[in-house]
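Worksheet: the structure to be examined is printed underneath.
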Amino acid sequence: MPYPVDLEVGYPDQMSRLLWLVKGWLVIPHWIVLVLFGFVVALATWVAMFAILFTGRYPKSIFDLVASYARWNGRVMAYGALLRDEYPPFSGDEEPGYPVRLTLEEPEHLSRWLWLVKGFLAIPHGIALMFYAIAVMFVLVFVGWVILFTGRFPRGLFDFVVGYQRWTLRVNAYAQWQITDQYPPFSGKPSREIP
């Protein structure tokens, strides 16, 4: 059964050899807006937790807000991690032409009490992701130099970095945004067949 949260990043055939040197600076405007947006999402998630407690449902308007934030954040993460050269749009709207796609399935019904322990249950993921993040940082330093000389992101390392981002988004969806009760897999592998 596919996990209700998935991330797809189209593999680029060729990349700019020098753009990676300034991507960290170029995403600053996105991060400023996303930090403010993140505060709104955190407050909305608290409201959603009470709605789940009393109704067993995630409010549609809050789900749409969280999905918008997650899409925007996923695109900026992919750009900042050197996965794509196309500058991300300043929007959390679905952008069919943009090569980073986030799938979030809206839940029909959620456990009224599970949200109380999801953060605790996600601790093993947090520990694993901490080590994964350290490995990704070393990989990105190496890949920056590879891109400089070849204009390509090695496919195996590309999949490794995408896997980290996919896993992180799944854990956030489960423990932070509360949009699924399905425990995330200990893997960054896609849960659907990617064309």
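Find how much the distance from VAL40 to PHE160 grows on full extension, using 0.36 nm per residue of separation minus their present alpha carbon separation; answer in nm with one decimal. Don't skip to the answer; put the middle values down first.
Values: separation 120, 0.36 × 120 = 43.20 nm, distance 3.09 nm.
My answer for the length gained is 40.1 nm.
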In nanometres, what is the gap between the two model label sites at ASP13 and SER111, each 7 Å from Cα along Cα-to-Cβ?
-> 4.8
In the stretch 104-195, with Lys and Arg counted as +1 and Asp and Glu as -1 at Cβ, which of these residues, GLY156, PRO190, TRP177, has the Cα nearest the positive end of the dipole, that is, farthest along it?
-> GLY156
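Kyte-Doolittle cut-off 1.0, length cut-off 27 Å along the helix's own axis using Cα: show which whole DSSP H helices in the chain pass. Intermediate values should be presented prior to the final figure.
Working: long enough: 28-55 (39 Å, 2.20); 60-80 (30 Å, 0.05); 123-150 (39 Å, 2.22).
The answer, listed by residue number, is 28-55, 123-150.
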Gaussian network model of the chain, springs between alpha carbon atoms under 10 Å - residue of GLN178, GLN14, GLN165 with greatest fluctuation | GLN14
Sort 69-75, 184-190 for me by packing, meaning the mean count of neighbouring Cβ atoms within 10 Å per residue, highest on top.
-> 69-75, 184-190
Long-range HN-HN contacts of THR103 with modeled amide H, under 5 Å = ASP6, LEU7, GLU8
Computed over the stretch 2-121: relative contact order in percent, which uses C-alpha pairs under 8 Å that are six or more apart = 40
Unit-weight point scatterers at every alpha-carbon of the chain, Debye formula, q = 0.16 1/Å: log10 I(q)/I(0) is -1.05
Could you check how much of the accessible area of the stretch 22-132 is carbon and sulfur, as a whole percent, using a 1.4 Å probe?
-> 72
Specify the inter-centroid distance of the stretch 160-192 and the stretch 1-75, based on alpha-carbon positions, in whole Å.
-> 12
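The values are calculated or read from the model by the stated rules, or taken from the named source; none is laboratory data. Bear in mind that the values here come from a model prediction, so they are computed numbers and not experimental data. All Cβ positions, even for glycine, are placed from backbone atoms using ideal geometry, and neighbour counts span all protein chains on display. Only protein heavy atoms, including side chains, enter the accessible area calculation; ligands, DNA and RNA are left aside. Shrake-Rupley method; radii C 1.70, N 1.55, O 1.52, S 1.80 Å.
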